[in-house]
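The block underneath contains the structure these notes are about, expressed in structure tokens.
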Amino acid sequence: MPQVSIKQYANIKSPKMVFSEDRLFSPMDVERKIARDLYEAVRDMPIISPHGHTDPSWFSENKNFTNATELFLAPDHYVFRMLYSQGIDLDDLCVSSRTGKPPTDPRKAWQTFAKNFYLMRGTASHIWLNHVFAEVFGFDIILDEHSADFYYDAINETLAQDNFKPRALFERFNIEVISTTESPIDELNHHKAILNSGWNGRIISAYRPDNVVDAEHENFYNDLPVFGELSGEDLGDFKSYLRAHQNRRAYFKSTGVTSSDHGHPTAQTADLSGAQADALYQKILTKKHDAKDASLFRAQMLTEFAKMSLEDGLVLQIHAGAYRNHNKKLFDKYGRDKGGDHPSPTDYIYSLKPLLDRFGNEKDLSIILFTLDETTYARELGPMAGHYPALKLGPAWWFNDCPEGMLKFRENITPSAGFYNTIGFNDDTRAFLSIPARHDMARRIDARYLASLVASHRLNMDEAHEIISDLTYKLPKAAYKL
Amino acid sequence: MPQVSIKQYANIKSPKMVFSEDRLFSPMDVERKIARDLYEAVRDMPIISPHGHTDPSWFSENKNFTNATELFLAPDHYVFRMLYSQGIDLDDLCVSSRTGKPPTDPRKAWQTFAKNFYLMRGTASHIWLNHVFAEVFGFDIILDEHSADFYYDAINETLAQDNFKPRALFERFNIEVISTTESPIDELNHHKAILNSGWNGRIISAYRPDNVVDAEHENFYNDLPVFGELSGEDLGDFKSYLRAHQNRRAYFKSTGVTSSDHGHPTAQTADLSGAQADALYQKILTKKHDAKDASLFRAQMLTEFAKMSLEDGLVLQIHAGAYRNHNKKLFDKYGRDKGGDHPSPTDYIYSLKPLLDRFGNEKDLSIILFTLDETTYARELGPMAGHYPALKLGPAWWFNDCPEGMLKFRENITPSAGFYNTIGFNDDTRAFLSIPARHDMARRIDARYLASLVASHRLNMDEAHEIISDLTYKLPKAAYKL
Amino acid sequence: MPQVSIKQYANIKSPKMVFSEDRLFSPMDVERKIARDLYEAVRDMPIISPHGHTDPSWFSENKNFTNATELFLAPDHYVFRMLYSQGIDLDDLCVSSRTGKPPTDPRKAWQTFAKNFYLMRGTASHIWLNHVFAEVFGFDIILDEHSADFYYDAINETLAQDNFKPRALFERFNIEVISTTESPIDELNHHKAILNSGWNGRIISAYRPDNVVDAEHENFYNDLPVFGELSGEDLGDFKSYLRAHQNRRAYFKSTGVTSSDHGHPTAQTADLSGAQADALYQKILTKKHDAKDASLFRAQMLTEFAKMSLEDGLVLQIHAGAYRNHNKKLFDKYGRDKGGDHPSPTDYIYSLKPLLDRFGNEKDLSIILFTLDETTYARELGPMAGHYPALKLGPAWWFNDCPEGMLKFRENITPSAGFYNTIGFNDDTRAFLSIPARHDMARRIDARYLASLVASHRLNMDEAHEIISDLTYKLPKAAYKL
């Protein structure tokens, strides 16, 4: 239990939290023993976090986090979407809207969260949060209405300590490298400040150009001139536009960046001629495009980025299939990333063909695919990654980043793509404190899956040890060229 | 073994039936023990049956059921479809066609069924029927060609007893409330007779207007005038048509009804202007519509019904995605509900958007979604129900209402929607005697799933007990406002 | 360990191979014991191989196989696709291109394979190959870079023995009957030579007319005249074209053939009038068709073949949904069957309706469906096969023919179609030596699945024994009329 604040909370009647050393392993004796053994070998390996959404200013400024609500509740759309689904207003949870922070008392928001924390049972967030509560803060009782204030006070007092500042946590978490995600119009000042600070934590960015690629992005026409300015290009034709990307990629690369990232509604790619591409670009520049044109332009750009990757060596990540901002009223009031995003059925076999016809056989190209559509694991992604030299598969993403989803990923992908066309784990999170919890879950589930193969005599222990060590450390480092 | 008839069947060589107290639990020791404990806590809870297709006349007239064939075989499309798939004629199973009952001897039909009962192995019906045979009638040998006559005679003698009349069974089954399903042109006379009978069994209806909403329904143009007459509306324009629904809903509500139900080929919704909707309605009234118009009208009506639900408080059920009457020749000869219905790929993320844009954020609206397309559990339904306040998920439906399907439902839905955006179990059956068997299966599978979470240290026993009790009793009562 | 060559390889440091008698069973004690018992009852049953791609000349000529590379590596696209995905050139694996064999030393290719054999971990090929290495050749160490030469020499020496000739292996493998697959322009000379040879191994063909049905097949216009000649038809109109098929089917049937097989990109069927079909045929004959016409013609032909099957009794197999030759550059250089094939989302419920409207209720017709789209198991194929008398389901195919895929097949199909609308196992392979390994895997997984039903008290052991024996032997013989 946390030492701080404990006296005033002597008689809390919340039940004990479950937090077993064997959590998430198969409860079957023979498998659990194997899983323990495999997990033990990788539990203390450094964390490689090659894709995520932490805020680089945390590490450049190294200020203390403020309070439990600001850290755990207000920014975590995994959590507040579930509360929202049960009729709780986002305002009551301190979630910012387009007009700013609501005037909600953060303690009151925390109490609402605590009282409804039972709604998270069975979800990945339930595991991550309990992990953080137990491992980082030392709680051993459940978060509920009775323990709400105790949690709130204890967390806040802990967060105020020097050894809970971002850099101290980064080191305590044994993170070897972490990648944030920035747009081409970001100057990466925080990253540069970190580089120049003398601190040797490795914080790099990833090149995420959606805001200057997707004509339907709300910031597209605002950001495009800035993009031109920063890249020294007039953007008058498609060639200049491509050069602008090349320039900004080179700038990103100069700060240590090794990857680009592309969040598209679909996996559609295209391979237009230069003239066709330029004509399309002009339509978009002059706002004479329709939805189909915007889609085709995004599709063409994936192929262009593959070409650039071949040239500059950045690894190409495709995060396809999120139907973002599905809840119109919520989006209008609260803006992006407020829980109104959902998976959508996503095609890969037809969509990626234009790109693969050009570059699929390139050994030196590394395209990492992610999907929200788990029905494509066995049907399309496994077989494709198990054939094309340029394709690798990112781990179970977002809604699938839960024990069930991770197991499905391995069970559906491995038969056709094996282990070595996958790239280990991504935490993909903005919840910094949950990073060890997420990597721990991934290691446990890999151990569980491998244990099932060993226990059914498909692998021996040496093979399983080699694989889990590769999945934990070698593969992500190699796949992202870290 | 049944006491009746037993002497004449002393030497039947059919093997013993399997009917273990641990059936359907995980055979893994640690999980089975937990599951037993959880199941024990809910096994005797009253049955809440908020959606189904029992015949209200059974309870108003309270006559004895006639014989085994009429009770178990002729009306159960789960059973006779399987026999039909192996080349057995429906006529030989006493299934009624459009021209009425075939002249088949019911005993002979039963013998055919018994001889082929092995075809049901591995299906849910195999479990349900064995449960009924063992628990309701006391059989302990398998139904096969050797035991066919013994079963037939013993069941018929039992059914003739007073304590096997519908009301007696209702009470013995510990049913707290059951909902049947009727169309707007039904006067609910049986329900009213029950209400006035002094018997305190709670039998309510649900408002199922497909026959006056779906212009492709074979009874649409016959039923529409009756609908107008009963509602006191001339149905001359869309407004009058909507008022007719409001009137009939009010009438249904006055008899205790708490829900409407909509069985649509897709989940398509629409949000037309008043003028557009009226124009579409006129096309349909005058039979100038095509298939697309009929589909759009159904889509628009789902949104209209959501609006009515907000006003009158009826819970809105959507059963989407059945491709009904797929077997043309069978439909032509035998009519509806003869096993020729199949699941079809069903979209929710695009289809529901028009309705959700209007009403998705309404906390006081309760839309319960069902699907036959289990690939949408993790990809669409879980994430959507885990976000929209108006959405809840009904249990695994029809072809998915089997141990495997129920487990998939929990494993795929819980990570994104938790337990509390689901609504417990529906038996959805016209097979009255199987109702306890179906609820028993649901309770066992929930116990099994929760046991797996406890055994992998994701929940403690107190949490699991609270959840299974909520799933069994509290959630269905609350979701259906019972 | 192989006796040959062993002396010179005394000090190989490769680890021991895992090859347990309990492999692939559930590691759960109670289930494993049941599975062992069930498997034991069928392990030595004869192999029925009613669909596959072995080369009939092996059995007519009965020559020794040449070397390990030619036998295991160069022809096995399951294996070399995985190696290719990791950047290894097909030329380095002795894979033939359109211009013939590459000048690669087969031993060197084998070494490359051995060094990268770890890539296959977790795949079905890993199990099959280890089975062959252990059972057929007696290896007990893993294939890796250290054991590469030992394996190569020992395999080659073994293959040179008389008792490793194709017919000897056929007998040793206890194969009762095997079907190859030939096109209508094949004269089946090898099959006839076998029939006339006095050897009593039963090697039959299957009628696979894709090359004279699919206008998009690269050989269509070359093969059509040969087809006309062999069938004695001028092919001038659709009726003559149909007669040509009837003639060739009759010829195939006269050599013992019992089935036709159709590998279509989709499951689309059509039911055109005679005039429409003839007009379409003329378009194709005169190369005035487009892709849609080619597709419609294939669709129509499935219905025509169903009609022929009703007449001549050949079982109709449909292998739908492979996107073949997806990798354009690879196809251009290496041709067909080089690993560039992938599953694609495949519809059945709409696609098969035209055919089923005509013939779905025919008890004497046997259509065996295969899919690469495992999302259709529970949603479409199980329910359809559990209703239509004419439909049966083939086993998990190709990418799904792995322990995970086979289990998914049973778990998703059985609840709606039971066991008796499935037809047992197909190995579907050109890898002759792996046939016992593949059937062994299928028997083990069926035992595993049945054990799970017995252990959760859904079946008794007698029922499970009857089922596994039917799945192994009776059902495939009956389904293929062997």
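FYI, it's all coordinate maths here, none of it is from the lab. Note that the coordinates shown come from a computational prediction; the quantities given were computed from them, not determined experimentally. Positions of Cβ are backbone-derived with ideal geometry, glycine not excepted, and every protein chain shown enters the neighbour counts.
Over chain A, calculate the relative contact order: mean separation of alpha carbon pairs under 8 Å at least 6 apart, over the residue count, as a percent.
Numbers: 800 pairs, mean separation 93.4, N = 482.
So the answer I get is 19 percent.
How high is the relative contact order of the range B:181-323, in percent, with contacts defined as C-alpha pairs under 8 Å that are six or more residues apart? Before the final figure, lay out the partial values.
Numbers: 197 pairs, mean separation 37.8, N = 143.
The value is 26 percent.
Per residue of chain C, what 222 nm ellipticity follows from adding -39500 (n - 2.57) for every DSSP H run with n ≥ 4, rounded to the nearest 500?
On the way: 19 runs with 205 residues, N = 482.
Taking each H run of at least 4 residues, the total per residue is -13000 deg cm²/dmol.
Averaged over its residues, how many other protein chain Cβ atoms are within 10 Å of peptide B:385-395's Cβ atoms? Could you put the intermediate results ahead of the total?
Numbers: counts 2, 11, 14, 9, 6, 2, 1, 1, 0, 0, 0.
Counting Cβ atoms of other protein chains within 10 Å of each residue's Cβ and averaging gives 4.
In the range C:312-466, what percentage of the DSSP-assigned beta bridges are antiparallel, given to the nearest 5? Walk me through the intermediate numbers first.
Numbers: 2 of 11 bridges.
The answer is about 20 percent antiparallel.
Please enumerate, by chain and number, the aspartates and glutamates with C-alpha under 19 Å from the C-alpha of B:Lys307, excluding those fewer than 8 residues away in the same chain.
Reachable aspartates and glutamates: B:Asp210, B:Asp214, B:Asp237, B:Asp261, B:Asp271, B:Asp278, B:Asp357, B:Glu362, B:Asp364.
Just the ratio, please: alpha-carbon radius of gyration of the range A:111-152 over 2.2 N^0.38 Å, N its number of residues.
Values: Rg = 9.6 Å, N = 42, 2.2 N^0.38 = 9.1 Å.
Here the Cα radius of gyration is 1.06 times the empirical estimate.
Relative contact order of the range A:141-218, please, whole-number percent, based on alpha carbon pairs below 8 angstrom and at least 6 residues apart.
On the way: 54 pairs, mean separation 20.7, N = 78.
Rounded, it is 26 percent for the range A:141-218.
What are the label-to-label distances in nm, one decimal and shortest first, from A:Glu21 to the same spot in the other copies, with labels 7 Å along Cα to Cβ?
Values, ascending and in nm: 3.5, 3.5.
Distances from B:Ser469 to the same residue in each other copy, label points 7 Å out along Cα→Cβ, in nm, shortest first?
5.0, 5.0
If we count other beta carbons within 10 Å of each Cβ, what is the order of B:Ser96, B:Ser416, C:Ser456, fewest first?
Details: B:Ser96 15, B:Ser416 33, C:Ser456 22.
Neighbour counts put them in this order, fewest first: B:Ser96, C:Ser456, B:Ser416.
Once every Cα of chain A carries one equal point scatterer and solvent is ignored, give the base-10 log of I(q)/I(0) from the Debye formula at q = 0.07 Å⁻¹, two decimals.
Evaluating at q = 0.07 Å⁻¹ gives log10 I(q)/I(0) of -0.38.
Using the count of nearby Cβ atoms within 10 Å as a rough guide to exposure, how do B:Lys481, C:Lys13, C:Lys283 rank from fewest to most?
Fewest-to-most ranking of B:Lys481, C:Lys13, C:Lys283: C:Lys13, B:Lys481, C:Lys283.
Hey, for A:Gly232 with labels 7 Å out along Cα-Cβ, what do the inter-copy distances come to in nm, ordered shortest first?
Here A:Gly232 shows inter-copy label distances of 8.2, 8.2 nm.
Explain nothing, just compute: Karplus ³J(HN,Hα) = 6.51 cos²θ - 1.76 cosθ + 1.60, θ = phi - 60°, for every residue of the range A:161-168 in order, whole Hz, x for Gly and Pro.
Couplings: 7, 4, 7, 10, 6, x, 5, 5 Hz.
Eigenvalues of the Cα gyration tensor times 5, then square-rooted: what semi-axes does that give for the range C:362-451, in whole angstrom, largest first?
Working: eigenvalues 94, 43, 28 Å².
One finds semi-axes of 22, 15, 12 Å for the range C:362-451.
How big is the antiparallel share of DSSP beta bridges in the protein assembly as shown, given as a percent to the nearest 5?
Numbers: 12 of 78 bridges.
The answer is about 15 percent antiparallel.
Which aspartates and glutamates have a Cα lying under 14 Å from the Cα of C:Lys363, excluding residues fewer than 8 positions away in the same chain?
Cross-link targets: B:Asp89, C:Glu311.
Can you give me the long-range amide H partners of B:Ser259? Hydrogens built in the peptide plane at 1.01 Å from N, cutoff under 5 Å, separation of 5 or more residues or another chain.
Close amide H contacts, sequence-distant or interchain: B:Tyr207, B:Val315.
Rank the residues B:Val213, B:Val132 as a footprinting-exposure proxy: fewest other Cβ atoms within 10 Å of their Cβ go first.
B:Val132, B:Val213
Let me see the P(r) profile for the range A:86-167: every Cα-Cα distance counted, bins of 5 Å, each bin given as a percent of all pairs.
In whole percents, the pair-distance histogram is 3, 13, 20, 23, 21, 14, 5, 1.
Using 10 Å bins from zero, what percent of all Cα-Cα pairs in the protein assembly as shown falls into each bin?
So the P(r) values, bin by bin, are 1, 8, 15, 20, 21, 18, 11, 5, 1, 0.
So for the range B:167-479: antiparallel DSSP bridges make up what percent, rounded to the nearest 5? Kindly include the intermediate steps, with their values, before the conclusion.
On the way: 2 of 21 bridges.
In the range B:167-479, DSSP labels about 10 percent of beta bridges as antiparallel.
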